[in-house]
1. With modelled with pLDDT of 95 or more and under 30 Å from Thr115 (Cα atoms) as the only criterion, which of Thr96, Thr73 stands out?
2. Could you check how many residues of the stretch 13-25 are in a strand (DSSP E or B) and either within 26 Å of the chain's Cα centre (by Cα) or charged (D, E, K, R) (or both)?
3. Out of Arg40, Arg23, report the one residue that is at pLDDT 95 or above, out of contact with any Gly (no Cβ under 7 Å at 6 or more places or on another chain) and open to solvent by 100 Å² or more (accessible area, probe 1.4 Å).
4. For Val107, state whether it is more than 30 Å from Ser39 (Cβ to Cβ), modelled with pLDDT under 90 and of a type in the set (A, V, I, L, M).
5. Being open to solvent by less than 90 Å² (accessible area, probe 1.4 Å) and farther than 27 Å from Cys72 by Cα is the filter here; which residues of the stretch 92-114 pass it?
6. Which condition does Lys127 not pass, out of (1) open to solvent by 100 Å² or more (accessible area, probe 1.4 Å); (2) at pLDDT below 95; (3) in a loop (DSSP other than H, G, I, E, B), if it passes all the others?
Amino acid sequence: KVYQTENGHFKEYDDTEENLRIREQHASGTYTEMQHDGSRETVVEKDEYIRVKGDVKIVGDLDATIEISGNCTVVIGGDATIEVAGSTLLDCPSTTVTGNLRVDGEVSVGGDVNTDAGISLNKHKHKILTGSSKGTSDKPV
């Protein structure tokens, strides 16, 4: 069954065997469709704004991918926690951290380490203050 308005909005209920689906579409082309297998597809032709006045929780039972063709800004008014059970890969040409950074664990660096303050860990010396090895060394102490 199809319900259509004069300006082109419509709702469609398809009870065809093996193709059960529901589709609601705006005249602009924006639509939501629930498909036979339980999948849902939503296409928005312009902007989308979602506001939830309570808590939000998104749960997926399998994998998830977020793709953004342009820039993305995430604004968090409080603290943020990211929990990852496996490894994390951050693959980008440049990363800037503003503020303090604390690492509880080992840090492995595959290239040179430099700072804006002019301090370099490349070919640096360790200063040994006491003991029979007092002085400087190229090797970690």
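1. On the way: Thr96 fails: modelled with pLDDT of 95 or more.
On inspection, the qualifying residue turns out to be Thr73.
2. Just the residues of the stretch 13-25 that are in a strand (DSSP E or B), to begin with: 13-14, 21-25.
Subsequent filtering for residues that are either within 26 Å of the chain's Cα centre (by Cα) or charged (D, E, K, R) (or both) retains 14, 21, 23-24.
Result for the stretch 13-25: 4.
3. Working: Arg23 fails: open to solvent by 100 Å² or more (accessible area, probe 1.4 Å).
After applying the criteria, what remains is Arg40.
4. Working: more than 30 Å from Ser39 (Cβ to Cβ): yes; modelled with pLDDT under 90: yes; of a type in the set (A, V, I, L, M): yes.
Yes: the conditions hold for Val107.
5. Matches in the stretch 92-114: Gly105, Val109, Gly111, Val113.
6. If we test Lys127 against (1) open to solvent by 100 Å² or more (accessible area, probe 1.4 Å); (2) at pLDDT below 95; (3) in a loop (DSSP other than H, G, I, E, B), just (3) comes out false.
Every residue, every condition in (1) assigned to a loop (DSSP other than H, G, I, E, B); (2) open to solvent by less than 100 Å² (accessible area, probe 1.4 Å), yes or no:
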| position | (1), (2) |
| --- | --- |
| Ala27 | yes, yes |
| Glu33 | no, yes |
| His36 | yes, yes |
| Lys46 | yes, no |
| Gly54 | yes, yes |
| Ile66 | yes, no |
| Cys72 | yes, yes |
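The values are calculated or read from the model by the stated rules, or taken from the named source; none is laboratory data. These numbers come from a predicted model, not from an experiment. Cβ sites come from the backbone with ideal geometry, for glycine too, and all protein chains shown count toward neighbours. Calculation scope for accessible area: heavy atoms of the full protein, side chains included, ligands and nucleic acids excluded. Shrake-Rupley method; radii C 1.70, N 1.55, O 1.52, S 1.80 Å.
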